[in-house]
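Values in this text are rule-based calculations from the coordinates and carry no lab data. Just so it is clear, the structure is predicted and the values come from calculations on it, not from any experiment. Please note: Cβ atoms are built from the backbone with ideal geometry, for glycine as well, and neighbour counts cover all protein chains shown.
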Amino acid sequence: MRYAVRLSKDDNGTLLVTSRDFPEVTTFGENVDDALAHAREAIEEAIAARLATGREIPKAKGMGRHVVTLAPDVELKIRLNRIIAARGLTKSATARTLGLHRPQIDRLLDLRHETRSADLLEAFRKLGYSVNYRLSVAPVSGARGARHAA
């Protein structure tokens, strides 16, 4: 999932970051890379707060000069949350469907909790979904040892 962000020069020499998709997101960075790293963290926090309160997560458009790409496990948790909500399942019903205890469901759906990919994939399978993804590994410009990796 990719969300567009806007970077603008702040009056103290930093870059101010805002998001059209998440009006509650405002952060900054010392440079473009730092600003985008902070933007990803802020967007993930905004998503976690929205999931906790049942608010809608905007569809990622990924259009703009600067975009933030969410971590794959974050995207999986968002999609899993959407499926559960679309089915109208309570956490207790979700726990029964997945054969888990309710605290395990809370952790499974919590963006701040590290969840094994295998556990997420198994949850999708038990809900009748398969997860397909394409992995791409590319060296970062200027990275040491980039020619010898992977």
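In a simple Cβ point-charge model (Lys, Arg +1; Asp, Glu -1; nothing else charged), the chain has a dipole of about 800 debye relative to its Cα centre. Number of Lys-Lys pairs in the chain with C-alpha atoms under 16 Å apart and a separation of 8 or more places or on different chains: 4. First check a/c for the stretch 2-69, with a ≥ b ≥ c the square roots of the eigenvalues of its C-alpha gyration tensor; if it is under 1.5, answer rounded, and if not, answer prolate when a/b is larger than b/c or oblate otherwise. Prolate is the answer for the stretch 2-69, as a/c is 1.5 or above and a/b outweighs b/c.
The relative contact order of the chain, computed from alpha carbon pairs under 8 Å that lie at least 6 residues apart in sequence, is 18 percent. Measuring from centroid to centroid over Cα atoms, what is the spacing of the stretch 97-130 and the stretch 11-74 in Å? First find each Cα centre; the distance between them is then 25 Å. Where does the chain land at 222 nm, in deg cm²/dmol rounded to the nearest 500, when only DSSP H runs of n ≥ 4 count, each adding -39500 (n - 2.57), divided by all residues? Result for the chain, helices only: -13500 deg cm²/dmol. Count Lys and Arg as plus one, Asp and Glu as minus one, and take only other residues whose Cβ is under 13 Å from that of residue 29; the net charge is then -2. Local charge for residue 58 was computed over the other residues whose Cβ lies under 13 Å away, with Lys and Arg +1 and Asp and Glu -1, and equals +4. Placing unit charges on the Cβ atoms only, positive for Lys and Arg and negative for Asp and Glu, gives the stretch 76-122 a dipole magnitude near 160 debye about its Cα centre.
Sorting 9, 91, 77 from the fewest to the most surrounding beta carbons within 10 angstrom yields 9, 91, 77. The value of relative contact order for the stretch 72-126, using C-alpha pairs under 8 Å at least six residues apart, is 40 percent. What residue among 67, 28, 12 has its Cα farthest toward the positive end of the dipole of the chain, where the charges are +1 on Lys, Arg and -1 on Asp, Glu, each on the Cβ? Projecting each Cα onto the dipole axis, the largest value belongs to 67.
Which shape class, rounded, prolate or oblate, goes with the stretch 36-150 when its Cα gyration tensor gives a ≥ b ≥ c as root eigenvalues, a/c under 1.5 marks rounded, and past that a/b bigger than b/c marks prolate? Prolate. Between the listed residues 92, 117, 105, the Cα displaced farthest toward the positive end of the dipole of the stretch 72-126, a dipole computed from Cβ unit charges relative to the Cα centre, is found at 92.
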